[in-house]
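Chemist: Could you have a look at this structure, given as structure tokens, before my questions?
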Amino acid sequence: MRVLVLGSLATELGAAARMVRARGGAVVQADTEEAAVAALRRDATFGLVFADLARDVAGLIAALRAERIGVPVVACAVAARADEAVAAVRAGAREFLPLPPDPDLIAALLAQASGDATAPIARDPAMLACLARAEQVAASDATVLITGESGTGKEILAHHIHRHSRRAAARLVALNCAAIPEALLESELFGHEKGAFSGALARRIGKFEAADGGTLLLDEIAELDIRLQAKLLRALQQREIDRVGGEAPVRVDVRVLAATNRDLRAEAAAGRFREDLLFRLDVISLRIPPLRERPADIPPLAAHFARRYAALNGMPERALAPAAVERLARHAWRGNVRELENTLHRAVLLAAGGTIEAEDIELGPPRPAERGAAPVSGAQPSGLAGLVGRRMDDVERDLILETLHRTEGNRTHAASMLGISIRALRNKLRDYTRQGLAVPPPASGVA
């Protein structure tokens, strides 16, 4: 993860930069808004911008929007007034980071921006078979389509493929197609030339060129606009891209991995996804099984998250009591590994004894199928049939939280996708928090 810091490292912002470096991130510092924009034009691999509120954060965000640069900005300040933080968020800041920085919040921001690139943890035969197939095809340059429900670990598997490929020494550049507004996405992918549109003050390199020689992960590929799908198809076929406003194609050497939680064949049949692009992407297909189909992975994953969040919160490491493991094993995990991670984070904070007990495990409301004694099958209901028997409030809650995950916490974009106001979305999330539900960290608002 590369982080651009706008402001002086001699202030508390420097402490945030040191925490980023301690977690393996690279930090580049800029003194002025102009220098920050210039750095972001040159290098499309930055994942975050930490901007001191003493600088013109609103002006920086406006400049990035004008040049169609979609890097999220985190506004930072020491004991900032509430109105300053709100103004920065309204201007477009993804998040507000109070200074001095909290290590847990820094870790959450980095994880949200880059995805957890740790090695997969697998004990179940179903997941081991998926990893074996991934490692078998990793050495090739073939495109790989990674499918699976939300929260199963598609980005982690992409990093695993990259680490086992011939391109491991080069970069893996990731782009979440659902997290970038449509107006910015073409420039994010392909870059643009000076004067290509109003506000394009200089050439900007896109993700394809940033990944040259390495791997490009296109997450949530089903969200890509149909017009951009045609440009992506040409890039895959010809190994060259056209910058916005460019006069000549640019050759690129990139291995593309794509990920989605949708059925792309159904999307193609409905006219929302190009069938020729699907065939180009689906040279190798890897399906990550949902957590309910890989129960042997639950204990090692739970132990991993318990250790991780104990360390992050400066708390003693606690083992999971057998009754706690049994409680975890009985749950259906509609949010998959992401839900398990959130559950263990809560359990680490709630546990008071020497072990994490069953009563420390707080789980969400069960699905209708869980209330009976019948085991959960590998197949998942599809369409309206999967909603029958569920309360409207539960369906609405799951839709809102899933949309937030898919937009990487961008609440403005999530509200737009849901067709509701940002205020209505914030009110819903506030209600969920009061109910004790796990809500993704705020990313486009202060809550």
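Every number here is computed from the coordinates shown, using simple stated rules; none is lab data. Every value quoted in this text rests on a predicted model; they were computed, and no experiment measured them. Here the Cβ positions follow ideal geometry from the backbone for every residue, glycine too, while neighbour counts run over all protein chains shown.
Chemist: Rank the residues Tyr309, Tyr432 as a footprinting-exposure proxy: fewest other Cβ atoms within 10 Å of their Cβ go first.
Modeler: Going from sparsest to densest Cβ surroundings: Tyr432, Tyr309.
Chemist: Calculate I(q)/I(0) for region 106-218 by the Debye formula, one identical point scatterer on each C-alpha and no solvent, and give its log10 at q = 0.09, 0.10 Å⁻¹ to two decimals.
Modeler: Taking Cα atoms of region 106-218 as identical point scatterers yields -0.30, -0.37.
Chemist: How big is the gap, in Å, between the Cα center of region 147-206 and the Cα center of region 315-344?
Modeler: 32 Å
Chemist: With n ≥ 4 as the cut-off for DSSP H runs, can you work out [θ] at 222 nm for the chain, using -39500 (n - 2.57) per run divided by the number of residues, rounded to the nearest 500?
Modeler: So the helix-based figure for the chain works out to -13000 deg cm²/dmol.
Chemist: Need the list of lysines near Lys231 for cross-linking: C-alpha distance under 21 angstrom, and skip anything on the same chain fewer than eight residues off.
Modeler: Within reach: Lys194, Lys207.
Chemist: Still on this structure, I have one more. Averaged over all directions, how much area does the convex hull of the C-alpha atoms of region 1-157 cover when projected, in nm²? Don't skip to the end; give the middle numbers.
Modeler: Numbers: hull surface 45.0 nm².
Result: a mean projected hull area of 11.3 nm².
Chemist: Counting Lys +1, Arg +1, Asp -1, Glu -1, what net charge surrounds Ala310 among other residues with beta carbon under 9 Å of its beta carbon?
Modeler: Taking every Cβ under 9 Å from that of Ala310, the sum is +2.
Chemist: Can you give the direction-averaged projected area of the convex hull of the alpha-carbon atoms in the chain, in nm²?
Modeler: Average of the hull's projected areas for the chain equals 21.3 nm².
Chemist: Give me the tail of P(r) for region 1-86 as a percent: Cα-Cα pairs with distance above 20 Å.
Modeler: When every Cα pair of region 1-86 is considered, 28 percent fall beyond 20 Å.
Chemist: Out of every Cα-Cα pair in region 125-287, what percent are more than 25 Å apart?
Modeler: Details: 3821 of 13203 pairs.
Result: 29 percent of Cα pairs exceed 25 Å.
Chemist: OK, next. Sequence gap at least 6, Cα distance under 8 Å: using those rules, report the relative contact order of region 2-114 to the nearest whole percent.
Modeler: 28 percent
Chemist: So what's the net charge close to Asp360: Lys and Arg +1, Asp and Glu -1, counting the other residues with Cβ under 12 Å from its Cβ?
Modeler: After counting each charged neighbour, the total is 0.
Chemist: Now a separate question. If the only charges are +1 at each Lys and Arg Cβ and -1 at each Asp and Glu Cβ, what is the size of the charge dipole of the chain around the Cα centre, to the nearest 20 debye?
Modeler: Dipole size: approximately 340 debye.
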